[in-house]
Amino acid sequence: MGKIGIYGSSFDPVTNVHLWTASTVAHRCKLDKVIFLPCSSKRRDKQLHVDDSHRWKMLELAIENNPKFTADEYEMKEEAWNIYTYNTLEHFKAVFPNDDVYFIMGADLLVDIGKGKWAKGEELIAENKFIVMARDGIDMLKAISHSPILRNNDDGSTFHLLDKGLAMEISSTYIREELAMGGEPRYLLPDACYRYIKENNLYK
């Protein structure tokens, strides 16, 4: 039995912090594989800035030299009405029936689920396992204890909390802003992705 982490984000663009985070999580949680899952451009709550084909190509370039990293287009190809994290995890548990599947997320998302902001949030927590990364200013244990959804579905193995040295923030937003203003974010993302952005005149 292996351990697989599902790492969802916009990846618009993928950054060195995405890669460093995935690598650190894989190391500390002894994951055999991290699946990078770009979100759908059809979601109403996401405003994406380049075509899906560009996001996908940059992700491929970013992870090509790490055998533990892979990318999956599952959410990119789903219809908007069907894109719930609950459904996504059901899909990957069916694909990897003999493995433990973990959803990798930031503590900010844990807080939102705990407040009932996610569709099928209670079933999501009851039936899945999570690796939760620290975010500045969020007390993860308090977030769990203050939420009926979280605390009543925590059997001791539901949440793997990573609260040491994972709150490094270099956002895709910052990189897009720098590129739009003629800034120089070169070393904040993989070289191959930086070249791809320049060659294709993205984020101007």
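Per-structure values
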read-out	value
Accessible surface of the chain [probe 1.4 Å, protein heavy atoms]: carbon and sulfur percent	47
Table column - 3J(HN,Hα) (Hz), the stretch 92-105, Karplus curve with 6.51, -1.76, 1.60, x for Gly and Pro	6, 5, 6, 5, 10, x, 9, 10, 8, 9, 10, 9, 8, 8
For His91, solvent-accessible area (1.4 Å; no DNA, RNA or ligand), Å²	60
Relative contact order %, the stretch 97-154, counting alpha carbon pairs below 8 Å whose residues are six or more apart	45
222 nm mean residue ellipticity, helices alone, for the chain (DSSP H n ≥ 4; -39,500 (n - 2.57); rounded to 500)	-11000 deg cm²/dmol
Charged-residue dipole, Cβ positions (Lys, Arg, Asp, Glu), the chain about Cα centre, Debye nearest 20	200
Radius, Kirkwood style, for the chain when every pair of distinct Cα atoms is counted (Å)	17.7
Percent RCO, i.e. relative contact order, over the chain, from Cα pairs under 8 Å lying at least 6 residues apart	24
Efficiency of FRET from Cβ geometry, Thr70 and Lys93, R₀ 25 Å, rounded to 0.05	0.90
Nearest-10 value in Å² for the accessible area of Glu123, using the 1.4 Å probe	80
Accessible area per residue in Å² at 1.4 Å probe, computed on the stretch 53-204	54
For Arg151, solvent-accessible area (1.4 Å; no DNA, RNA or ligand), Å²	120
Kirkwood hydrodynamic radius over Cα pairs of the stretch 28-133, then Stokes diffusion coefficient at 37 °C and 0.692 mPa s, in µm²/s	217
Most mobile listed residue (Met181, Met76, Met133) in the chain, GNM with C-alpha springs under 10 Å	Met181
Across Lys3/Lys129; Lys3/Lys142; Lys93/Lys129; Lys57/Lys198, pairs whose alpha-carbon gap is larger than 18 Å	Lys3/Lys142
Heavy-atom SASA rank of Ile138, Ile131 (probe 1.4 Å, accessible area, largest first)	Ile138, Ile131
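The values are calculated or read from the model by the stated rules, or taken from the named source; none is laboratory data. Here the structure is a predicted model, which is why all the values come from computation and not from measurement. FYI the Cβ positions are ideal-geometry reconstructions off the backbone, even for glycines, and counts take in every protein chain you see. Quick note on the areas: whole protein, heavy atoms, side chains included, nothing else; ligands and nucleic acids left out. Shrake-Rupley method; radii C 1.70, N 1.55, O 1.52, S 1.80 Å.
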